[in-house]
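One structure is given below, encoded as structure tokens.
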Amino acid sequence: MWEWTLNWNEVRHDLLIGSCPMTTDDVGRIRDGTGATALLSLQSSACHEAFGIDWDALRAHGEALDLAMVNTPMLDFDPPDQRRNLPQAVACLHDLLDAGHRVYLYCTAGCNRAPLTALGYFTFIEMQPADVAMLLLKSSRPQSDPSFEAYHGCRVDLVNALRENIMVRAYYLSQQAEEHDPQMHWLQAEAETIRAAFLNGRAAPRSRLDPSRE
């Protein structure tokens, strides 16, 4: 018989990446074992069906334990779907961290979608270089294997959607600098504008914290 064992790694004091809870008992184990105050699931309904996971029961049990329970789904092994849904996942992670939560971020095994969301948060919100963010993820959770096709595609989409704002910001950066380096100004403008879009709620729909809940 196949057995499922929870595992997790602390990426930093307010963020952990782990495998998914399969039962309501697992939710309590995660809270007690990690000190998490919020669980952010990236699993889709297909995952729930494949593993026999009752998300409604997990959410109700977690909320009874005073945990914030959020599901922002993206499909496993589907870079185009992850590309489309990454901004919403990053926005939800930001909301939870900004509210002071210690977040347990998970997909199924905690190897692909959860690291992808953390990578998006570190680069889009905290403006870390992608290689630096990946070093942090790999050093904390060696099995991290985010889809770079999804990540870079999502970043291209954000840049295209925010291009006019980026152009304005790049112009002002060029006027403030003694040395004219158009490429450096453009990259800095991209990073600053993407971050501002998330903080201002423009990069992803923010009508509710849990997009899986009707």
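Roughly what % antiparallel, to the nearest 5, for the DSSP beta bridges in the chain? Spell out each step's value before the answer.
Working: 4 of 16 bridges.
Counting only bridges with both partners in the chain, antiparallel ones make up about 25 percent.
At a temperature of 10 °C and a viscosity of 1.306 mPa s, determine how fast the chain diffuses translationally according to Stokes-Einstein, using the Kirkwood radius over alpha-carbon pairs as Rh; express D in µm²/s, rounded to the nearest whole number.
Working: Rh = 17.8 Å.
For the chosen part, D equals 89 µm²/s.
Fewest to most neighbouring Cβ within 10 Å: what's the order for Thr34, Thr193?
On the way: Thr34 18, Thr193 22.
Fewest-to-most Cβ neighbours within 10 Å comes out as Thr34, Thr193.
Under a 5 Å amide H to amide H cut-off, with H placed in plane at 1.01 Å, what residues pair with Leu15 once short-range neighbours are removed?
Amide H neighbours of Leu15: Val103.
When you count, for each residue, the other Cβ atoms within 10 Å and take the mean per peptide, how do 120-126, 168-174 rank with the highest first?
Values: 120-126: 21.6, 168-174: 15.9.
The peptides rank, most packed first, as 120-126, 168-174.
Read phi for every residue in region 47-63 and hand back ³J(HN,Hα) as whole Hz from Karplus 6.51 cos²θ - 1.76 cosθ + 1.60, θ = phi - 60°, with x for Gly and Pro.
Rounded to whole hertz, the list is 5, 4, 5, 5, 9, x, 8, 9, 4, 4, 5, 4, 5, 4, 5, x, 5.
Every number here is computed from the coordinates shown, using simple stated rules; none is lab data. Please read all numbers here as calculations on a predicted model, not as lab measurements. FYI the Cβ positions are ideal-geometry reconstructions off the backbone, even for glycines, and counts take in every protein chain you see.
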